[in-house]
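Reviewing the structure listed below.
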Amino acid sequence: MNLSNLDFQQARIKQVLFKSRLRSVLYGVREADPALFSLRDNPLGQWFDAVIRPAYGSRPEAYELERALQRMLDTGQDLVKQYRRGQIEEARAGLDRVDAHAARIENLLLTLEQAATAA
């Protein structure tokens, strides 16, 4: 399976969408959807299963990408729990941790994208 830059751009968009939805929950604009934090139901997790796992599932970067994605989702879910307990400012400040996971995911996506274009 030959992946294109568009495939990886879709992942980046899905990651931005996750962060946007999480931010809107932590700022009281929407309720948290449990699917947002489920690796199986999250759009980025679904992309991973449909695109990366079949093409690069045996690469260490794919394994790390899945782990980083799960950590980002877990962190987001923890922040929502904090928010619901009334620790609103602390939860919002925790968005930096989500950004750190997102940066790790971006680096792994870039590595896989380079492997895809080299193939």
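Scanning region 8-32 for residues that are among the hydrophobic types (A, V, I, L, M, F, W, C) and in a helix (DSSP H, G or I) turns up Phe8, Ala11, Ile13, Val16, Leu17, Phe18, Leu22, Val25, Leu26.
Under 7 Å by Cβ, and 6 or more places apart or on different chains, what pairs join a residue from region 52-72 that is among the acidic types (Asp, Glu) with one that is modelled with pLDDT of 90 or more and buried (at least 18 other Cβ atoms within 10 Å of the Cβ)? Close Cβ pairs (under 7 Å, with a partner that is modelled with pLDDT of 90 or more and buried (at least 18 other Cβ atoms within 10 Å of the Cβ)) amount to Glu61/Leu108; Glu61/Leu112; Glu64/Leu108; Glu66/Phe48. Applying the set (1) within 20 Å of Phe8 (Cα to Cα); (2) buried (at least 18 other Cβ atoms within 10 Å of the Cβ) to Leu79 leaves exactly one unmet item: (1).
The values are calculated or read from the model by the stated rules, or taken from the named source; none is laboratory data. Predicted model, so just to flag it, every value in this text is computed and none were measured. FYI the Cβ positions are ideal-geometry reconstructions off the backbone, even for glycines, and counts take in every protein chain you see.
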